[in-house]
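**Student:** Below: one structure in structure tokens.
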Amino acid sequence: MATKKEQAHELYIQGNWYRKKGNYHEALNCYTEAIALDEDSPAVIAKQMLEEQFDFYYKDLYNP
């Protein structure tokens, strides 16, 4: 059975895959789950960068 750090890393990798495919919603979900499992995950930075993109490009995404 995988440890929480290993699961967080897998979710981070999966989030990167979704982000590269343009599925930002799923990427954000993966990063959020990874952070819940491991607060020191690189998903913290990836999520922050993705949210900055949303703030700049998709202002109405959070406020439909």
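**Student:** Going through region 9-23 one residue at a time, which ones are within 16 Å of residue 48 (Cα to Cα) and surrounded by 17 or more Cβ atoms within 10 Å (Cβ to Cβ)?
**Tutor:** Correct list: 11, 12, 15, 18, 19.
**Student:** Shifting gears a bit: Can you name the residue in region 24-43 that is buried (at least 19 other Cβ atoms within 10 Å of the Cβ) and not in a helix (DSSP H, G or I) and is also nearest to the chain's Cα centre (by Cα) among such residues?
**Tutor:** That would be 41.
**Student:** While we're looking at this one, here's another question. May I ask you to list pairs of residues, at least six apart or on different chains, whose Cβ atoms are under 8 Å apart, with the first in region 1-17 being in contact (Cβ under 8 Å) with a residue 12 or more places away in the chain and the second being of a type in the set (S, T, N, Q) and assigned to a helix (DSSP H, G or I)?
**Tutor:** Note: pairs meeting the criteria are 15/29.
**Student:** Of the residues 2, 46, which is open to solvent by less than 60 Å² (accessible area, probe 1.4 Å) and at pLDDT 95 or above?
**Tutor:** Being open to solvent by less than 60 Å² (accessible area, probe 1.4 Å) and at pLDDT 95 or above holds for just one of 2, 46, which is 46.
**Student:** With respect to residue 14, determine if the residue is modelled with pLDDT of 95 or more and not aromatic (Phe, Trp, Tyr).
**Tutor:** Criteria met by residue 14.
The values are calculated or read from the model by the stated rules, or taken from the named source; none is laboratory data. Just so it is clear, the model here is predicted, and its values are computed rather than measured. Here the Cβ is made from the backbone with ideal geometry for all residues, glycine too, and neighbour counts use every protein chain on show. Each accessible area value is taken on the protein alone, full model and side chains, heavy atoms only, with ligands, DNA and RNA left out. Shrake-Rupley method; radii C 1.70, N 1.55, O 1.52, S 1.80 Å.
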